[in-house]
Amino acid sequence: MKRTNYHIHTLWCDGSASCAEMAKAAYDAGMDSIGFSSHFTMTYPDDCGIEAELIPDYLRETARIRSVYEPLGMEVLTSFEADYYMDTGAFSPEFAAVRPKLDYTIGSIHTMGFRDDGEMGIIDAFPEKFVESIRQIYGTEQAFAEAYYGAVGDMAEREKPDIVGHLDLLKKNNFILGRSAVDTGTKAYRDAAFEALRRIRDAGCILEINTGGIARYTNPGLLYPDPELTAEAVRLGIPLMINGDSHSTEGIDTYYTQAEELLRSLGVRTLMRRGQNGWEEAPL
Ligand SMILES: [Zn+2]
Ligand SMILES: [Zn+2]
């Protein structure tokens with residue numbers, strides 16, 4: 001099948017290019033089905049999520065891009081990457097009103113709950129703060145990892161996103177800091193992650209193989225999920241897709257070839273893509 005990318009950020013949130021520029025990059029890369037997935041409006045002050053009042057404009061603009069590329073043979077879908085909040089155990093309440101207008105939803109966890117100082121703990125930014133947030137909110141890195149993967153499983157069951165985003169994002173700062181902030185090598189860590197995978201499978205979600213960390217930091221260790229977790233997902237029969245989590249035109253298909261090779265080596269023969277009747281399997 002031709003390549004697809006259902007995880008694309010733009011200037012509507014924290015991406016560096018417009019919808020038109022990202023669509024052109026995908027089309028030029030030979031893709032025939034893509035989806036825009038701006039960060040949904042956050043429930044705390046931030047500069048990543050779309051501003052709530054701009055949501056109607058975003059929906060109009062992605063529909064316009066769809067009408068441009070449909071005649072050219074590339075499907076363009078509209079989505080949001082919705083945050084699942086570990087402190088509330090849900091997507092933001094405002095998302096429910098928008099969700100019916102979308103083609104699909106990516107569910108992701110980027111936050112850890114509130115710190116003692118009232119700040120939201122962030123998983124994928126400010127590495128030194130991340131370490132302090134673990135200490136303040138969860139006490140130990142193992143307790144945090146278990147809470148995180150428990151929340152991933154809860155998200156799959158409660159919110160049923162079409163796609164679960166960057167499964168093991170919590171490892172990111174290990175690579176940024178150059179030392180272990182969350183030890184991913186322990187049996188307890190693997191057990192928690194494997195349990196999340198079982199719950200993702202039972203909830204019927206698609207798991208993305210996310211190359212966005214590699215696009216941004218050029219470190220192949222930042223493939224989400226790591227090969228061992230991906231192998232377990234394959235063993236469990238979880239439907240998979242490769243997504244770029246692209247924040248720039250250059251990142252539209254970063255590391256796709258290597259991700260495809262990895263999946264083939266694990267025995268994967270099909271990936272999920274959008275078809276006539278929703279999500280369907282297509283040959284890898
Ligand atoms: Zn994300
Ligand atoms: Zn993303």
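The values are calculated or read from the model by the stated rules, or taken from the named source; none is laboratory data. Note that the structure is predicted; figures quoted are calculated from it, not measured. In this analysis, Cβ positions are derived from the backbone assuming ideal geometry, glycine residues included, and neighbour counts consider all displayed protein chains. Side chains are part of the model used for accessible areas, which takes the heavy atoms of the whole protein and leaves out ligands, DNA and RNA. Shrake-Rupley method; radii C 1.70, N 1.55, O 1.52, S 1.80 Å.
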Restricting the search to region 202-219, which residues are crowded, with 16+ Cβ neighbours inside 10 Å and either away from ligand 2 (no atom under 16 Å from the Cβ) or in a loop (DSSP other than H, G, I, E, B) (or both)?
203, 205, 211
Just name the residue that is nearest to ligand 2 (Cβ to nearest atom) out of those in region 153-172 that are under 23 Å from residue 185 (Cβ atoms) and more than 12 Å from the chain's Cα centre (by Cα).
172
Quick check on residue 194: is it among the aromatic types (Phe, Trp, Tyr) and open to solvent by 10 Å² or more (accessible area, probe 1.4 Å)?
yes
Name the pairs: first residue in region 1-27 and of a type in the set (Asp, Glu), second residue within 15 Å of ligand 1 (Cβ to nearest atom) and open to solvent by 60 Å² or more (accessible area, probe 1.4 Å), Cβ to Cβ under 8 Å, at least 6 apart or on different chains?
14/47
Quick check on residue 145: is it open to solvent by 10 Å² or more (accessible area, probe 1.4 Å), out of contact with any Lys or Arg (no Cβ under 7 Å at 6 or more places or on another chain) and in a helix (DSSP H, G or I)?
no
Region 101-128: number of residues that are over 19 Å from residue 39 (Cβ atoms) and assigned to a helix (DSSP H, G or I):
2
Select from region 109-121 the residues that are in contact with a Phe, Trp or Tyr (Cβ under 7 Å, 6 or more places away or on another chain) and within 16 Å of ligand 2 (Cβ to nearest atom) and list them in ascending order.
109, 111
Could you list, in sequence order, all residues of region 116-130 that are touching a residue at least 12 places away in the same chain (Cβ under 8 Å) and either buried (at least 16 other Cβ atoms within 10 Å of the Cβ) or within 16 Å of the chain's Cα centre (by Cα) (or both)?
120, 121, 122, 123, 124, 127, 130
On the basis of being at pLDDT 95 or above and in a loop (DSSP other than H, G, I, E, B), does residue 191 make the cut?
no
Restricting to region 163-187, name every residue that is open to solvent by less than 40 Å² (accessible area, probe 1.4 Å) and among the hydrophobic types (A, V, I, L, M, F, W, C).
163, 164, 167, 169, 170, 181, 182
Which of (1) crowded, with 18+ Cβ neighbours inside 10 Å; (2) more than 18 Å from the chain's Cα centre (by Cα); (3) not polar (S, T, N, Q) is the odd one out, the single condition residue 52 does not satisfy?
(1)
If I filter region 154-167 for residues that are assigned to a helix (DSSP H, G or I), of a type in the set (Lys, Arg) and under 14 Å from residue 82 (Cα atoms), do I get at least one hit?
yes
The number of residues in region 249-284 that are open to solvent by less than 40 Å² (accessible area, probe 1.4 Å) and assigned to a strand (DSSP E or B) is 6
Could you tell me which of the residues 79, 108 is open to solvent by less than 20 Å² (accessible area, probe 1.4 Å), of a type in the set (S, T, N, Q), within 13 Å of residue 161 (Cβ to Cβ) and touching a His at 6+ places or on another chain (Cβ under 8 Å)?
108
Scanning for something among the small types (Gly, Ala, Ser), open to solvent by 70 Å² or more (accessible area, probe 1.4 Å) and over 19 Å from residue 206 (Cβ atoms), does region 12-28 turn up at least one residue?
yes
